[in-house]
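The values are calculated or read from the model by the stated rules, or taken from the named source; none is laboratory data. What you see is a predicted model, and the numbers here were worked out from it, not measured in a lab. Positions of Cβ are backbone-derived with ideal geometry, glycine not excepted, and every protein chain shown enters the neighbour counts. We work out accessible area using only protein heavy atoms, side chains counted, and drop any ligands, DNA or RNA first. Shrake-Rupley method; radii C 1.70, N 1.55, O 1.52, S 1.80 Å.
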Amino acid sequence: MSWQTVELEWDGDVATITVDRPEALNALNVETLEAMGEAITEAVDDDARALVLTGAGDDAFIAGADIGYMRDLSTAEAQEWGALGHDVADALAAFPAPTIAAINGYAFGGGCEMAIACDLRVAGESAVIGNTEIDLGIIPGWGATQRLPELVGDETARRMIFLGERLDAESAAEAGLFGEVVADDALEETVDELASRLAAKPAVAMRAAKGALNQRHEGSQTSGLEYEKRAFASLFGTPDQREGMAAFVEDREPEFE
């Protein structure tokens, strides 16, 4: 299967999904999210023993969701949009083999959420990550309110979400968000080596290990993610959401009520 904005490539048992919208800093729109979901399914069906997620170009992993698309969504439309993003992030989290986010450049908003849905994160030294939705008049809608505290602790997660804080690679590694930071020109080689090591491990045992690790999230996180979906969608149509996204598209500072 082929897509316009997503590539799925194979190196032995390792599948790599690349979001390919460099002209838009790999921002996620409906077409791209749907393609990502299909690519993940294909990688599952073809028994990938490791999965890498990255972005095309040097500037961005995934700079976020497509704000131009989001700005005029109704609450009902935002529910569908939020559910689509959740489906992709959940598919990454539930992928039967280990997943690696290779973070090259910006990973904001939905890009951060896709990264933290992966099992492991390796970043280039110029990477910057953050949940910046608050300055658009909304909250994270694809899992960050539940997954981020697991990685960085409650205090840091609240600061990142409440203030829209952006962490450079070193700070993100110190917070526990990145497992490894390497020179930008060494990122691809480092991730390839890590993915190959993971793919060489016993597949059945690896699946069991990931299932056991994921089990701790069942129950309370599921209800939390459902709450997040509803809260995210409810903010669409509010004055702050309209102003926040209009200001972003118009390249100006927002004036919230």
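Taking the range 199-257, which residues are polar (S, T, N, Q) and at pLDDT 90 or above? Give the steps one after another, and end with the answer.
Applying the first criterion (polar (S, T, N, Q)) to the range 199-257 yields 214-215, 220-223, 234, 238, 241.
Ser234, Thr238, Gln241, listed by residue number.
So, in the range 138-172, how many residues would count as being open to solvent by less than 70 Å² (accessible area, probe 1.4 Å) and more than 28 Å from Phe248 (Cα to Cα)?
Total meeting the criteria: 2.
Can you run down the residue pairs with Cβ atoms below 7 Å, 6 or more apart or on separate chains, where the first is in the range 230-245 and more than 17 Å from Phe256 (Cα to Cα) and outside the structural domain of Ala76 (by the TED database) and the partner is open to solvent by less than 40 Å² (accessible area, probe 1.4 Å) and of a type outside the set (Val, Ile, Thr)?
Partner pairs satisfying both residue conditions: Phe232/Ala78; Phe232/Gly82; Phe232/Gly141; Ala233/Ala78; Ala233/Gly82.
Among what's in the range 126-137 and is in contact with a strand residue (DSSP E or B) (Cβ under 6 Å, 6 or more places away or on another chain) and within 19 Å of Thr54 (Cβ to Cβ), pick the residue that is most open to solvent (accessible area, probe 1.4 Å).
My answer is Val128.
Kindly list the number of the only condition in (1) touching a residue at least 40 places away in the same chain (Cβ under 8 Å); (2) of a type in the set (Val, Ile, Thr); (3) under 28 Å from Lys229 (Cα atoms) that fails for Thr190.
Exception for Thr190: condition (3).
Which number in (1) over 20 Å from Phe95 (Cβ atoms); (2) more than 21 Å from the chain's Cα centre (by Cα) marks the one condition that Phe232 misses?
(2)
Having 2 or more residues that are under 17 Å from Thr145 (Cβ atoms) is the bar; report the helices (runs of 4 or more DSSP H) wholly within the range 196-250 that clear it.
Answer list for the range 196-250: 220-234.
Within the range 25-57, which residues are open to solvent by 30 Å² or more (accessible area, probe 1.4 Å) and more than 22 Å from Lys210 (Cα to Cα)?
Leu25, Val30, Glu31, Glu34, Gly57 - these are the residues of the range 25-57 that are open to solvent by 30 Å² or more (accessible area, probe 1.4 Å) and more than 22 Å from Lys210 (Cα to Cα).
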